[in-house]
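**Q** Have a look at this one.
The values are calculated or read from the model by the stated rules, or taken from the named source; none is laboratory data. None of these values were measured; they are calculated from a predicted model. Reconstructed Cβ throughout: ideal geometry from the backbone, glycine too, with neighbour counts over all protein chains shown.
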Amino acid sequence: MSDSSNHVKMESPWLDRLRSLRNVPPVLRILWDSGAVVVTWGIVLRIFVAVLPFGVAKVAQFIINNIAQVLRGEPLGHNFWTLVAIEVGLNVLMGLLTRGIDYSDALLANRYTQHVSVRVMEQAARLDLTTYEDPVFYDRLERARVQATDRLGMIQQMGRLIQQVITTLVFSAALAWASPWLVLLLAIGVLPSFLGETHYAFLGYAKNFRQTPAKRQMDYLRQVAGSREGAKEVKLFGLNKFFTGRFKSLADQIYREDVTLSRSKLIVGGLLGVIGTLGYYGAYIYVIWRTLHGAYDIGQFTFLTTAIQQASSNLQQVFSTASGIADQALFLTDLIAFFEMEPTVHSKPDGLRMPSPVSRGFEFRNVSFAYPGTERRVLKDFNLTLAPGERIALIGENGQGKTTVVKLITRLYDPTEGQILLEGVDLREYSLEELHSHIGVIFQDFVRFEMTARENIAVGQIEQMQNQTGIEVAAHKSLADTVVDHLAGGYDQMLGRRFEGGVELSGGEWQKIALARAYLRDADLLILDEPTAALDARSELEVFERFAELTEGKMALLISHRFSTVKMADRIVVLSGGRLIEEGNHQQLMSKGGVYAGMFEMQAASYR
């Protein structure tokens with residue numbers, strides 16, 4: 001979010017707060033979806049608890065009048081002990097219902113947290129890589145993740161608001177019946193405090209909004225300075241003071257902002273609180289004066305003073321709770337906006353099914369591509385065909401567009417210009433799920449899942465999780481079986497150090513596990529992006545001897561810097577400046593003496 005947008009927010013706090021209330025209905029829908037029955041029972045219980053204090057106060061009025069009669073020498077009313085029993089019963093019932101509300105809130109909190117967290121995960125999965133290229137999105141995603149679980153207070157506040165409004169209306173009606181001035185005095189006393197709370201709630205939101213990037217930096221510094229991955233370099237390069245110093249600087253900045261706001265709220269809020277107290281005692285003194293002049297008997301006096309206390313307390317709570325809801329609603333802006341985001345790469349409603357078998361293959365036709373937010377074209381008028389049964393190797397220096405070709409053919413991105421065709425039909429016409437289900441891919445920066453060995457392989461075709469035979473076959477193809485054989489727990493061994501009992505693998509071992517995912521998929525198109533970068537020469541040779549066999553009859557796209565493996569491809573494509581500059585098999589390109597031949601000789605010379 002730019003500074004200018006923050007400035008706009010600061011200029012119109014009340015308008016922003018009113019607009020933020022538009023976030024409440026979507027949250028109520030989420031709440032209802034997470035547990036309709038629990039929500040209904042919670043509301044019913046709160047209505048009963050909201051009305052019961054009025055009943056208790058009214059019964060107490062009659063009890064006190066009966067006692068006053070006895071003190072004047074008059075006989076005790078025949079229903080006196082019945083009234084006492086009713087008051088006791090109402091209080092017991094109120095206590096039981098309050099516990100019921102607490103139970104209902106606890107259930108709803110669990111259901112809501114689970115439901116909204118799942119929705120955040122599902123929405124994040126829907127969005128495409130274009131979105132993840134935007135750093136502003138990460139701030140929004142971080143706030144959305146926090147808001148997803150930290151807005152339980154708002155949910156409970158909305159329930160309390162229903163209860164407080166009903167109680168306030170009931171007692172205010174009783175006060176208005178006695179004298180409208182009582183309600184007016186209470187409102188005058190409470191309103192300034194409400195406006196102050198609302199103002200500071202907005203300032204708190206604006207402060208947290210500003211602090212989000214700094215807090216993300218602090219989280220990153222905590223992770224780098226305290227992670228296993230960064231421990232070696234932090235120690236060897238003496239980076240501890242550097243990281244802790246930067247963390248402390250950011251923390252001090254946030255602390256100063258927090259203290260400044262808290263101090264201002266303490267002073268101004270305290271003064272406004274005094275006004276509220278004066279309003280309450282103004283109404284109280286008015287009732288005393290009227291009672292002394294014979295307008296009310298002792299029972300009515302007791303009832304009205306109770307009504308003043310209840311109406312004042314609940315009116316303040318209504319304003320405070322409403323302010324809190326508006327505050328929480330401001331914080332929900334990013335969560336709602338996150339849910340409303342739509343992917344730019346998506347399937348058409350009537351997307352075509354993936355043809356099987358593929359007869360013509362893929363074609364890049366005058367494709368150009370620039371990553372979002374940049375002007376530089378990674379690919380420029382790029383043309384390439386990939387026929388069924390053909391194995392193509394993409395080579396070139398870093399940044400020449402090799403991995404971009406992979407992202408485009410898998411439709412993680414769409415071309416900026418031109419078309420990618422499958423069977424002569426634009427790739428955008430096909431169902432994304434269908435397309436992805438027929439592609440097996442392993443990226444150089446594959447994910448090392450902190451899960452069991454079985455699960456790490458099965459993520460390549462999650463439906464095969466229980467297919468032990470299929471998993472073992474895939475592991476054999478990628479040489480991952482040699483890794484699993486040395487694990488104490490076999491395929492059930494937890495990998496990684498995050499969880500208890502986990503074991504760490506070497507880079508080459510992880511790569512064999514990751515390769516097994518691609519083989520498990522048994523796809524029409526197999527893509528390997530630097531698949532053997534972490535393997536030793538012997539393992540690499542074994543992998544590619546099997547690769548040639550396993551890709552028989554399939555389309556295969558290979559990216560590698562190792563020419564010993566590249567020359568096994570049917571066709572080698574050389575990229576430079578985002579364009580295809582050479583293509584052919586190893587012998588053809590070597591005989592040309594061009595870029596490929598020069599790169600091959602340069603690498604071969606390093607082994608002599």
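**Q** Go through the residues of region 60-70 one by one and say whether even a single one is within 22 Å of Ser313 (Cα to Cα) and either in contact with a strand residue (DSSP E or B) (Cβ under 6 Å, 6 or more places away or on another chain) or not hydroxyl-bearing (Ser, Thr, Tyr) (or both).
**A** Our first condition is that a residue be within 22 Å of Ser313 (Cα to Cα); within region 60-70, this holds for 60-61.
Within this subset, residues satisfying the condition of being either in contact with a strand residue (DSSP E or B) (Cβ under 6 Å, 6 or more places away or on another chain) or not hydroxyl-bearing (Ser, Thr, Tyr) (or both) are 60-61.
Checked against the condition, which is being within 22 Å of Ser313 (Cα to Cα) and either in contact with a strand residue (DSSP E or B) (Cβ under 6 Å, 6 or more places away or on another chain) or not hydroxyl-bearing (Ser, Thr, Tyr) (or both), region 60-70 yields at least one hit.
**Q** State which residue pairs qualify: first residue among the β-branched types (Val, Ile, Thr) and inside region 473-491, second residue part of a helix (DSSP H, G or I) and buried (at least 20 other Cβ atoms within 10 Å of the Cβ) in any location, beta carbons under 7 Å apart, and separation of 6 or more residues or different chains.
**A** Filtered contacts from region 473-491: Val483/Glu509; Val483/Lys512; Val483/Ile513; Val484/Ala453; Val484/Ala475.
**Q** Being over 30 Å from Ala124 (Cβ atoms), small (Gly, Ala, Ser) and at pLDDT below 75 narrows it down to one residue among Ser193, Ser172; which is it? Walk me through it before giving the result.
**A** Values: Ser172 fails: at pLDDT below 75.
Only one candidate passes the filter, namely Ser193.
**Q** Would you confirm, using the coordinates I've provided, whether Arg454 is outside the structural domain of Leu580 (by TED's automatic domain parsing), out of contact with any Leu (no Cβ under 8 Å at 6 or more places or on another chain) and of a type outside the set (Phe, Trp, Tyr)? Show your work before the answer.
**A** Numbers: outside the structural domain of Leu580 (by TED's automatic domain parsing): yes; out of contact with any Leu (no Cβ under 8 Å at 6 or more places or on another chain): yes; of a type outside the set (Phe, Trp, Tyr): yes.
When the stated conditions are applied, Arg454 passes them.
**Q** Sticking with this structure for a sec: Where in region 418-485 are there helices (runs of 4 or more DSSP H), lying fully within it, with 2 or more residues that are at pLDDT 90 or above? Walk me through how you get there before you give the answer.
**A** Numbers: elements: 432-437, 453-458, 468-478, 480-484.
Passing ranges, in order: 453-458, 468-478, 480-484.
**Q** Taking region 550-608 on its own, how many of its residues are within 21 Å of Ile439 (Cα to Cα) and hydroxyl-bearing (Ser, Thr, Tyr)?
**A** Residues in region 550-608 being within 21 Å of Ile439 (Cα to Cα) and hydroxyl-bearing (Ser, Thr, Tyr): 2 in total.
**Q** Can you run down the residue pairs with Cβ atoms below 7 Å, 6 or more apart or on separate chains, where the first is in region 73-102 and closer than 16 Å to Gly55 by Cα and in the same structural domain as Ala57 (by TED's automatic domain parsing) and the partner is aromatic (Phe, Trp, Tyr) and modelled with pLDDT under 90?
**A** The qualifying pairs are Leu83/Phe62.
**Q** Out of Thr302, Thr260, Thr277, I need the residue that is of a type in the set (Val, Ile, Thr), modelled with pLDDT under 75 and assigned by TED's automatic domain parsing to the domain that holds Ala187. Which one?
**A** Details: Thr302 fails: modelled with pLDDT under 75; Thr260 fails: modelled with pLDDT under 75.
After ruling out the rest, the residue left standing is Thr277.
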